[in-house]
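Derivation of every value follows stated rules applied to the coordinates shown; laboratory data play no part. Fair warning: this is a prediction, and the values are worked out from it, not measured in the lab. Note that each Cβ is placed from the backbone with ideal geometry, even for glycine, and that neighbours are counted across all protein chains shown.
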Amino acid sequence: MQESFENRQTTTTEALEKLKQEIEANENRKKEQAEKGFDGLTYFVYRTLLDEKIEQAETVSRQIKSAFVEYPNWQKSEAAMRELRKKITFAIYTQSDDLERVTGIVDALFSLLERANRI
């Protein structure tokens, strides 16, 4: 019985440590987002581009944000969606001339955005 208790305590300690790390990571994210003056969408795109090792991620993220502003009805209009995807693809393509890779990044971005909008 004591062993079981000790195991639960270890698990609780580990869970608390992980929670603390998540809170610190979130605070660092908020700080970086504020420093760059990004809204949530732009920061999401920025972090995705960094993870994909796209050069000039900050500049490209701002271009992509402009495209979202230009096509606010992208979720309701197929034509707006096509134009938005095209602008985003070209923005990323300026930093990576591998069209297949760029298309994969764009597909992943939209897939994540669709999932986020369903929640």
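Assuming 0.890 mPa s and 25 °C, estimate D for the chain with Stokes-Einstein, Rh taken as the Kirkwood radius over Cα pairs, in µm²/s. Rounded, D is 148 µm²/s.
Suppose we flag trypsin sites (Lys or Arg not before Pro) only when DSSP calls them loop and at most 16 other Cβ atoms lie within 10 Å. Which is the longest uninterrupted stretch of the chain?
Values: sites that count: Lys53, Lys76.
Segment 1-52 is the longest.
A straight Cα-to-Cα reach below 16 Å connects Lys30 with the lysines Lys20, residues fewer than 8 places away in its own chain not being considered. Bridgeable lysines around Lys86 (alpha carbons under 26 Å apart, same-chain partners fewer than 8 residues away excluded): Lys36, Lys53, Lys65, Lys76.
The stretch 14-48 and the stretch 56-119 have Cα centres spaced 21 Å apart. Projecting the Cα atoms of Asn28, Thr42, Leu84 onto the charge dipole of the chain (Cβ charges, centred on the Cα centre) puts Leu84 farthest toward the positive pole.
Build a GNM of the chain with springs between Cα atoms under 10 Å apart, and of Leu84, Leu19, Leu50 the one that fluctuates most is Leu19.
Mean residue ellipticity at 222 nm from the helices of the chain, using -39,500 (n - 2.57) per DSSP H segment of n ≥ 4 over the full residue count, to the nearest 500 deg cm²/dmol?
Working: 5 runs with 97 residues, N = 119.
Estimated from H runs of four or more residues: -28000 deg cm²/dmol.
Calculated FRET efficiency, Glu24 to Arg47, Cβ-Cβ distance, R0 = 22 Å: about 0.85 to the nearest 0.05.
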